[in-house]
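Structure record follows, encoded as structure tokens.
The values are calculated or read from the model by the stated rules, or taken from the named source; none is laboratory data. All of these numbers come straight from a predicted model, not from anything done at the bench. Heads up, the Cβs are rebuilt from the backbone with ideal geometry, glycines too, and the neighbour counts pull from every protein chain shown.
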Amino acid sequence: MKHIFNEGTSDRTLLLLHGTGGTEQDLLPLAEIIDPTANVLSVKGNVSENGMARFFRRLEEGVFDEEDLIKQTTELNEFLSEAADKYKFDRANIVAIGYSNGANIAGSLLFHHEQALKGAILHHPMVPRRNITLPDLKSVDVFIGAGHNDPLCKEAESKELYKVLEDNGADVTLHWENQGHQLTRSEVDAAKVWYEKKY
Ligand code: MLT
């Protein structure tokens, strides 16, 4: 997968996953805010939707192509192991930071692959799949940044994601904003406070 790797000075690695139409450059400033000492692995989505990069196909806005979601999630999970070998970072110490479509593939990693991530900061995620058995998430920390008035990731869906993750053992913090689907500085600051408490 197209990516950037920047070596840090700690044993933590931040995995950056951009939103639809983004690039592997987009979230680099977030890594700098959240943990400037961490390694950074920033990945570009492999799927193109009318020229816009994404991490998996969708049938329409908010309706995912589940088969492709599962396939791309497995590929990303394998890529994380390959990257850990290549760049010599700890595969068990990856915290994802994803926005929108990037948050959805990060959520899908948690839904499908045990120990894929140590933690995740999900900015405006949706519920990636329903009616499946999730892996045990008891050692996983998750921050969800949601919007009361987010037209894509509705309030009820944010609460549903919180509950599903919690029911499967994850330690989840749900943070609310009022700026629609936007990723605001105050949400990033709240994620930083959460990250510093956890790690
Ligand atoms: C998705 O397709 O992942 C969500 O609708 C968010 C987005 O627009 O990327």
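Could you tell me whether segment 81-104 includes any residue that is more than 20 Å from H3 (Cα to Cα), touching a residue at least 24 places away in the same chain (Cβ under 8 Å) and under 16 Å from the mean Cα position of the chain (by Cα)? Within segment 81-104, not a single residue is more than 20 Å from H3 (Cα to Cα), touching a residue at least 24 places away in the same chain (Cβ under 8 Å) and under 16 Å from the mean Cα position of the chain (by Cα).
The residues listed here are I105, I97; of these, the one that is within 13 Å of the ligand (Cβ to nearest atom) and β-branched (V, I, T) is I105. Each residue in segment 36-74 was checked for being more than 16 Å from the ligand (Cβ to nearest atom), out of contact with any strand residue (DSSP E or B) (no Cβ under 7 Å at 6 or more places or on another chain) and of a type outside the set (S, T, Y), and 1 pass. Note on segment 84-94: residues that are in a loop (DSSP other than H, G, I, E, B) and either within 16 Å of the ligand (Cβ to nearest atom) or exposed (fewer than 15 other Cβ atoms within 10 Å of the Cβ) (or both) amount to 3. For segment 54-63, the set of residues classified as in contact (Cβ under 8 Å) with a residue 24 or more places away in the chain and surrounded by fewer than 21 Cβ atoms within 10 Å (Cβ to Cβ) consists of E61, G62, listed by residue number.
Candidates E196, E114: the one that is at pLDDT 95 or above, over 13 Å from the mean Cα position of the chain (by Cα), closer than 20 Å to P29 by Cβ and not polar (S, T, N, Q) is E196.
Restricting V188, V172 to residues that are surrounded by fewer than 22 Cβ atoms within 10 Å (Cβ to Cβ), away from the ligand (no atom under 16 Å from the Cβ) and either among the charged types (D, E, K, R) or without any contact (Cβ under 8 Å) to a residue 40 or more places away in the chain (or both) narrows the list to V172.
Yes or no, residue by residue, for (1) within 15 Å of the ligand (Cβ to nearest atom); (2) in a strand (DSSP E or B); (3) surrounded by fewer than 16 Cβ atoms within 10 Å (Cβ to Cβ):
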| position | (1), (2), (3) |
| --- | --- |
| I4 | no, yes, yes |
| D11 | no, no, yes |
| T20 | yes, no, no |
| E24 | no, no, no |
| E82 | no, no, yes |
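Among the criteria (1) in contact with a Pro (Cβ under 6 Å, 6 or more places away or on another chain); (2) farther than 18 Å from H18 by Cα; (3) of a type in the set (A, V, I, L, M), the one A103 does not fulfil is (2).
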